[in-house]
Amino acid sequence: MVATGGAGPVHAVDVARRIGIRRILSPIAAGAGSCLGLLAAAARTDRGLSRRALLADVDWPDLRAALAEQREDAAEELRSSGVADAEWTVGVHARYAGQGHEIELHFPYSSLEADTAAGIERMFTARYREIYGMIVPDGRIEIVAWRLTGAAASDVRALNWGDGTRTGTPSAPRQRPIFLPQYNRFGTVDVFDRYDLAPGTVLRAPLILPERESTIVVAFPASVRVLDASSNSTVESAYEGHRSDRAGNPLDAHHQHRGRSRRDFLRTAFSSLAREANDYAVVLTDAEGPSVAQSTVSEGLQIPMLKLVEAGVPNGTIVDFIRTNI
């Protein structure tokens, strides 16, 4: 899992733990990632042209003239950014007449001088079949809009700290209390200055790594390693399998009441999309993975389902609590 955004490194370890991901990459300056991406990205400009028409009725001379005019305006914009030689592509939003959703196709600007209509028809048919597994017999292709894109050649750029603040020798960590979900209580953890950590540094969590743009919070046992000179870091969780650690989980209460190990049942899965599709919305699995009970509705069913399991419900049984009125 890659932790991005200002709040990403704060929550990433907990989220990854819940879904069973063991390794989390936390780039430096995650909170400013969009800004850094904008600075590092190749210069690009786009122009749009709304010309709704059936493919068979497109006025190609008029379209070429309109796109050529847009290209000249876009090229001037790129030249002002220091781009003398750009790559130009044309995008077309197409659909079958009568549909409400388009497919976007792309081809080189230079191919506008060739048999454009036949080429677009071939691309559209192939792409439509790839997405939907079929084409519409006797369907008429409709063009909704055109897009012209000019972009400089892509390049790989390395971003490193330039303020010289890293000492290479970590200062003594501060300490502060944070909530530790694994123990359902607050505990004191180390707080390290991320900018002081040299490449190859390995720390043991729980801990906190603050920085100006974000903060890495690791509230579970884990190994935290600084990868490179940019202070990109990985968190490798030291847990086995996925277990719910939320306080007040009905499964926890049932386990404590029955004297069960929390490894008896690994997870519950809720999905409103699955429920709307009349598919499984709740699944209980044992420690090895096979399901022990399933339901097509979700709210408030953890304890009744556990009772069914205790009664000997076979693996893979589909239980509908609405129709059976259990």
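Annotations for the structure displayed:
- Among 213-219, 98-104, 84-90, the order from most to least packed when residues are scored by Cβ within 10 Å on average: 213-219, 84-90, 98-104
- Here is the result for the range 25-81: no GluC sites (Glu not before Pro) lie in DSSP coil with at most 13 other C-beta atoms within 10 angstrom of their C-beta.
- Extension gain, LEU36-ASP73: 0.36 nm per intervening residue step, less the Cα-Cα distance, totals 10.6 nm.
- Those residues of the range 97-136 whose amide nitrogen sits under 16 Å from the label point placed on ARG51, 7 Å along Cα→Cβ: 105-121
Here, each number is a calculation from the coordinates, and none is a lab measurement. Owing to the predicted nature of the structure, the values given are computational and were not obtained by experimental measurement. Every residue, glycine as well, gets a Cβ built from its backbone with ideal geometry; the counts of neighbours run over all protein chains shown.
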